[in-house]
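**Student:** I have a structure here, written as structure tokens, and I will follow up with some questions on it.
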Amino acid sequence: MSVYTPVSASDLDAWLTRYSVGALIELQPIASGIENTNYFVSTDRGRFVLTLYERLPAAELPFYLNLMAHLARSGVEVPAPEPDRTGALFSLLNGKPAGLVTRVDGEPAVEVTAAHCARVGTALGRLHVASQSYRPRLTNRRGPAWWRQAARAVKGHLDAEQAALLDAEIKYQTGFGRGKLPKGAIHGDLFCDNVLFAGEVVAGIIDFGFAATDFFAYDLAITVNDWCVGADGSLAPELVRAMVNDYHAARPLTDDEREAWPSLLRAAALRFWLSRLYDLHLPRPGELIHAHDPVRFERILRDRVARPLPLPLP
């Protein structure tokens, strides 16, 4: 959510004439994150989040925005996209595809507890159940083809031990995506800062910029790898149990998913280690940039390789 494309109040005033959301009161840039340009927008009729999509081609935007609308209609805790007067969910602003969504009242969890993890597990399970009736499909742009391309791009910035780990894991994950695990539209980036809480209740799941068609259990593995870990990258068993058990209650996991679980955790760690290495060593210019430290996901990957753990289900 860095600011790559500046938007002035006058720019936004002109663009908002497309919408029935009232007059602009306040425009505030959102500094966190690394993918898109985001602003908080307040009007005399409501509060919204404005997103300018920096990397996503306009042809792919209907997948993300219609998915959010579908999930919101299904009762999932997702901010609903705001249609303009023609019914469109996005249009160009300062040369970039842009859209509005309702702003969620809530805050990310500061200290993650088992109760937080249980609520997130339930919310993600409900999201996956709802997404099964979402018909559009979109190949994951941060999937195995991107892993291989990114690995080649960042390898020169690694020491010998890191390069060996990367080569070994790329080889290990050969064939990922060709399995027969249950799949559909996933969030793809359900980290702690992408879930807003009102107390201990999930108020909203945000930032669908990495949504794609992929394995549901892979999405769960991505989430566990961020929510349920210690400083050394190891899994906290009580947090994993809370998340996985409540997810399983919402969408029962299959025997095949249980068998694939250790490999899915490794794939999820690899994907985010690579993205953090890429953003650190090959950054884009932007006004407010917050690159995440790749060391955390290197530790997580090393732990998942050294200590493959089964799903904590009966």
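The values are calculated or read from the model by the stated rules, or taken from the named source; none is laboratory data. Everything quoted here is computed from the prediction, not taken from an experiment. Cβ atoms come from the backbone with ideal geometry, glycine included; neighbour counts cover every protein chain shown. Just so you know, the surface numbers come from the protein's heavy atoms only, side chains and all, with ligands and any DNA or RNA stripped out. Shrake-Rupley method; radii C 1.70, N 1.55, O 1.52, S 1.80 Å.
**Student:** I'm checking my understanding of the structure. Among residues of region 171-200 that are aliphatic (A, V, I, L, M) and either buried (at least 19 other Cβ atoms within 10 Å of the Cβ) or at pLDDT below 95 (or both), which one is nearest to the chain's Cα centre (by Cα)? Full working, then the answer.
**Tutor:** Within region 171-200, the first condition is being aliphatic (A, V, I, L, M), and the residues that meet it are 181, 185-186, 190, 195-196, 198.
Filter once more, so that each one left must be either buried (at least 19 other Cβ atoms within 10 Å of the Cβ) or at pLDDT below 95 (or both): 185-186, 190, 195-196.
Numbers: A185: 12, I186: 9, L190: 4, V195: 10, L196: 13 Å.
Restricting to residues being aliphatic (A, V, I, L, M) and either buried (at least 19 other Cβ atoms within 10 Å of the Cβ) or at pLDDT below 95 (or both), the top hit is L190.
**Student:** Also, quick follow-up: Cβ-Cβ under 6 Å, sequence separation 6+ or interchain: first residue in region 64-79 and under 14 Å from G184 (Cα atoms), partner surrounded by fewer than 19 Cβ atoms within 10 Å (Cβ to Cβ). Which pairs?
**Tutor:** Listed pairs, sorted by first residue: L67/Y134; H70/Y134.
**Student:** Moving on. Return the residues of region 83-107 that are among the charged types (D, E, K, R) and either surrounded by fewer than 18 Cβ atoms within 10 Å (Cβ to Cβ) or under 16 Å from the mean Cα position of the chain (by Cα) (or both); say none if nothing qualifies. Spell out how you get there, then give the answer.
**Tutor:** Filtering region 83-107 down to residues among the charged types (D, E, K, R) leaves 84-85, 96, 103, 105, 107.
Correct list: R85, D105, E107.
**Student:** Turning to a different aspect of this structure: Restrict the check to region 253-261 and report whether at least one residue is assigned to a loop (DSSP other than H, G, I, E, B) and either closer than 18 Å to V229 by Cβ or open to solvent by 30 Å² or more (accessible area, probe 1.4 Å) (or both).
**Tutor:** As a first pass, look at region 253-261 and keep what is assigned to a loop (DSSP other than H, G, I, E, B): 253-254.
Subset that is either closer than 18 Å to V229 by Cβ or open to solvent by 30 Å² or more (accessible area, probe 1.4 Å) (or both): 254.
Scanning region 253-261 turns up at least one residue that is assigned to a loop (DSSP other than H, G, I, E, B) and either closer than 18 Å to V229 by Cβ or open to solvent by 30 Å² or more (accessible area, probe 1.4 Å) (or both).
**Student:** F197: in contact with an Asp or Glu (Cβ under 9 Å, 6 or more places away or on another chain), under 15 Å from V110 (Cβ atoms) and either in contact (Cβ under 8 Å) with a residue 24 or more places away in the chain or among the hydrophobic types (A, V, I, L, M, F, W, C) (or both), yes or no?
**Tutor:** On the way: in contact with an Asp or Glu (Cβ under 9 Å, 6 or more places away or on another chain): yes; under 15 Å from V110 (Cβ atoms): yes; either in contact (Cβ under 8 Å) with a residue 24 or more places away in the chain or among the hydrophobic types (A, V, I, L, M, F, W, C) (or both): yes.
When the stated conditions are applied, F197 passes them.
**Student:** When both residues are 6+ apart or on different chains and their Cβ atoms are under 6 Å apart, which pairs have a first residue that lies in region 215-242 and is in contact (Cβ under 8 Å) with a residue 24 or more places away in the chain, and a second that is part of a helix (DSSP H, G or I) and acidic (D, E)?
**Tutor:** Sorted first by the residue in region 215-242, then by its partner, the pairs are A217/E257; G233/D303; S234/D303.
**Student:** Consider only pairs whose beta carbons are under 8 Å apart and that are at least six residues apart or on different chains; among these, list those whose first residue lies in region 167-181 and is part of a helix (DSSP H, G or I) and whose second residue is of a type in the set (D, E, K, R) and open to solvent by 70 Å² or more (accessible area, probe 1.4 Å).
**Tutor:** Listed by first residue and then by second, the contacts come to I170/R148.
**Student:** So, in region 147-170, of the ones that are within 21 Å of A212 (Cβ to Cβ) and in contact with a helix residue (DSSP H, G or I) (Cβ under 8 Å, 6 or more places away or on another chain), which residue ends up most open to solvent (accessible area, probe 1.4 Å)? Walk me through it before giving the result.
**Tutor:** So the first thing to find is which residues in region 147-170 are within 21 Å of A212 (Cβ to Cβ), and the list is 147-151, 153, 169-170.
Those left that are additionally in contact with a helix residue (DSSP H, G or I) (Cβ under 8 Å, 6 or more places away or on another chain): 147-148, 150-151, 153, 169-170.
Numbers: W147: 6, R148: 120, A150: 0, A151: 11, A153: 38, E169: 3, I170: 40 Å².
By that ranking, first place goes to R148.
**Student:** Looking only at region 184-193, which residues are over 16 Å from N66 (Cβ atoms) and either among the charged types (D, E, K, R) or in contact (Cβ under 8 Å) with a residue 60 or more places away in the chain (or both)?
**Tutor:** Selection gives D189, L190, C192, D193.
**Student:** Could you please let me know if H248 is modelled with pLDDT under 95 and either within 26 Å of L127 (Cα to Cα) or part of a loop (DSSP other than H, G, I, E, B) (or both)?
**Tutor:** On the way: modelled with pLDDT under 95: no; either within 26 Å of L127 (Cα to Cα) or part of a loop (DSSP other than H, G, I, E, B) (or both): yes.
So H248 fails the test.
**Student:** Can I ask one more? Going residue by residue through region 18-32, is there one that turns out to be among the hydroxyl-bearing types (S, T, Y), open to solvent by 30 Å² or more (accessible area, probe 1.4 Å) and modelled with pLDDT of 95 or more? Spell out how you get there, then give the answer.
**Tutor:** Restricting attention to region 18-32, the residues satisfying the condition of being among the hydroxyl-bearing types (S, T, Y) are 19-20, 32.
With the extra rule that they be open to solvent by 30 Å² or more (accessible area, probe 1.4 Å), the set shrinks to 20, 32.
Remaining after also requiring modelled with pLDDT of 95 or more: 20.
Within region 18-32 (the criterion being among the hydroxyl-bearing types (S, T, Y), open to solvent by 30 Å² or more (accessible area, probe 1.4 Å) and modelled with pLDDT of 95 or more), the answer is yes, since at least one residue qualifies.
**Student:** Further question on the same structure: For region 61-82, how many residues meet the condition of being in a helix (DSSP H, G or I) and either among the polar types (S, T, N, Q) or under 16 Å from the mean Cα position of the chain (by Cα) (or both)? Steps first, answer last, please.
**Tutor:** Within region 61-82, the subset in a helix (DSSP H, G or I) is 61-73.
Remaining after also requiring either among the polar types (S, T, N, Q) or under 16 Å from the mean Cα position of the chain (by Cα) (or both): 61, 63-68, 71.
So the answer is 8.
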